[in-house]
Amino acid sequence: MVRGYHQPGMAGTTGQPRPADKRDQQVKRRDRGELSRTIAILVLALAVILFAVKNLKQVQVDWIVGSGSAPLIVVILITLLVGFVISHLAGRLSRRKKRADGG
């Protein structure tokens, strides 16, 4: 090795990667992770859109005090929203009860 010459990507003569190289690797990993998440979100969005398009048929909905019709996707989404709200409230109640019990 010529005096004063360092191989690219090496810090001194120890053979250890330079800190900048480690940052570059972290950025590449983060970029791959972001790309994976973006692709997953796009696939999920496409699935939701296809699901909605396939469920536009009008359905009869019977309520406790009457009935009506609505697109199936609306019925599904309202049911999903109600289920989410009930789960959220039940979780909050459970956490509050644990805190009150000292656990």
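The values are calculated or read from the model by the stated rules, or taken from the named source; none is laboratory data. Fair warning: this is a prediction, and the values are worked out from it, not measured in the lab.
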Apart from one, (1) at positive phi; (2) modelled with pLDDT of 90 or more all hold for residue 4; the odd one out is (2)
When you go through (1) modelled with pLDDT of 90 or more; (2) assigned by TED's automatic domain parsing to the domain that holds residue 80 one by one for residue 47, which number turns out not to apply?
(2)
